[in-house]
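Notes for the one structure printed next.
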Amino acid sequence: MDTKGYNISFLTLSSLIINPVIVIAGFFVLIRNLASIVIQVFCFNGDIWQQCWNQVTYHLGDSEVNYYVYGTTFLTFSIYWTIGSVYLLADVLGRPKAIKELKTQPGTNEPVDPDRLKKLIKQVLFNQIVVTLPLTYFTHVTFKQREFPSISKLPDFTTFIIHLVLLSLTQEFCFYYSHRLLHHRAIYKYIHKQHHQWTAPIAIAAMYCHPVEHILSNLLPPAIGIQLFGPHIATQWVWFALALIQTLNDHSGYHIPNISTPEAHDYHHMKSTQCFAGLGILDYIHGTDLQFRQSSYFKRRFRLSDFVSTKYFGKAKQ
């Protein structure tokens with residue numbers, strides 16, 4: 001009997017069994033430790049966030065205008081153009097090359113037409129500066145009697161989460177019905193058609209729209225939620241950041257790994273009569289996503305875990 005060969009085989013077999021077990025065990029230990037840190041930081045160790053917030057209030061002072069008007073405007077403007085510019089560089093430069101594999105509508109905006117892009121940027125800046133800033137100030141002054149939580153003290157974690165959920169649901173409700181209204185045949189060509197000039201949208205086209213639409217669908221839904229539930233200004237900022245990141249991704253035209261899929265809203269820009277909601281809840285209730293659900297695009301509507309080309313799923317059928 002070849003004991004040497006037997007020992008080698010035994011050691012090999014042992015390593016094949018033991019090594020994966022060690023790796024898996026180590027992975028779960030890592031996940032447990034990370035979860036413990038996250039829970040401590042976000043749920044129980046509020047002092048860390050309060051200390052950070054104290055620095056914000058120290059620099060912005062006691063004036064509510066600095067928070068509700070200028071702070072909100074600066075935050076939303078910065079997030080929109082910072083993240084939007086990253087997507088835009090990919091559209092203009094076509095780099096990295098691998099990003100083209102993730103396009104929801106391959107062959108479109110490669111590269112983006114310069115004249116259309118200039119027109120888009122002008123309209124978005126007009127909406128943000130000429131429309132949003134004055135209306136934000138007007139809303140703050142008009143509804144100043146509305147009691148909001150003290151700016152200096154952050155809300156507890158439970159209140160923070162509850163307000164985020166309520167703001168999201170209010171946004172879903174108000175945006176869906178205002179969006180459906182803008183698609184009404186009597187007014188569509190005068191207002192909302194401008195936004196649908198981009199049948200294959202890019203990220204910064206999220207706010208490319210008629211000023212009336214910007215007020216009705218972009219500004220009014222979040223304002224209603226804020227007035228109804230009175231969340232802390234820090235909660236508002238977090239929600240604005242999440243909402244902007246979502247809408248930029250929805251208009252990006254890229255199905256990027258580990259980021260929520262833009263397939264539904266991208267389909268809306270192609271077909272115009274499907275997928276009006278943000279979260280998709282009211283689309284499902286009203287049946288305004290039936291055509292989308294029967295299409296190949298719906299089969300691609302899942303979160304990618306790796307850098308898989310959309311071509312892998314075949315040419316989507318409408």
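The values are calculated or read from the model by the stated rules, or taken from the named source; none is laboratory data. Model, not experiment: these values are computed from the prediction. We place every Cβ from the backbone using ideal geometry, glycine too, and count neighbours over all the protein chains shown. Surface accessibility is based on the protein's heavy atoms, side chains included, excluding ligands, DNA and RNA. Shrake-Rupley method; radii C 1.70, N 1.55, O 1.52, S 1.80 Å.
Under the condition of being more than 19 Å from residue 266 (Cα to Cα), part of a helix (DSSP H, G or I) and open to solvent by 60 Å² or more (accessible area, probe 1.4 Å), the residues counted in segment 93-124 number 7. Anything in segment 119-157 that is among the aliphatic types (A, V, I, L, M) and more than 27 Å from residue 82 (Cβ to Cβ)? List them, or say none. Passing the criteria: only 141.
Quick check: anything in segment 62-73 under 23 Å from residue 256 (Cβ atoms) and either acidic (Asp, Glu) or in a loop (DSSP other than H, G, I, E, B) (or both)? Checked against the condition, which is being under 23 Å from residue 256 (Cβ atoms) and either acidic (Asp, Glu) or in a loop (DSSP other than H, G, I, E, B) (or both), segment 62-73 yields no hits at all. When the residues of segment 144-176 are filtered to those that are open to solvent by less than 90 Å² (accessible area, probe 1.4 Å) and of a type in the set (Phe, Trp, Tyr), the one that is farthest from residue 50 (Cα to Cα) is 176. Considering (1) open to solvent by 30 Å² or more (accessible area, probe 1.4 Å); (2) closer than 22 Å to residue 238 by Cα, say which one residue 183 fails and leave the rest. Answer for residue 183: the failing condition is (2). Exactly one residue among 261, 235 is open to solvent by less than 30 Å² (accessible area, probe 1.4 Å), in a loop (DSSP other than H, G, I, E, B) and in contact (Cβ under 8 Å) with a residue 24 or more places away in the chain, and that residue is 261. Whether a residue is of a type outside the set (D, E, K, R), open to solvent by 90 Å² or more (accessible area, probe 1.4 Å) and either closer than 24 Å to residue 247 by Cβ or at pLDDT 50 or above (or both) was assessed, and residue 49 passes this test.
For residue 74, the test of being open to solvent by 60 Å² or more (accessible area, probe 1.4 Å), more than 30 Å from residue 154 (Cβ to Cβ) and either modelled with pLDDT of 95 or more or within 22 Å of the chain's Cα centre (by Cα) (or both) is failed. Figure legend. Inter-residue proximity from segment 134-149: first residues among the polar types (S, T, N, Q), second residues modelled with pLDDT of 85 or more, beta-carbon distance below 8 Å, spacing 6+ or different chains. Indicated pairs: 136/68; 136/69; 136/72; 136/73; 139/223. Can you spot a residue in segment 200-216 that is part of a helix (DSSP H, G or I), at pLDDT below 95 and surrounded by fewer than 20 Cβ atoms within 10 Å (Cβ to Cβ)? Checked segment 200-216: no residue is part of a helix (DSSP H, G or I), at pLDDT below 95 and surrounded by fewer than 20 Cβ atoms within 10 Å (Cβ to Cβ).
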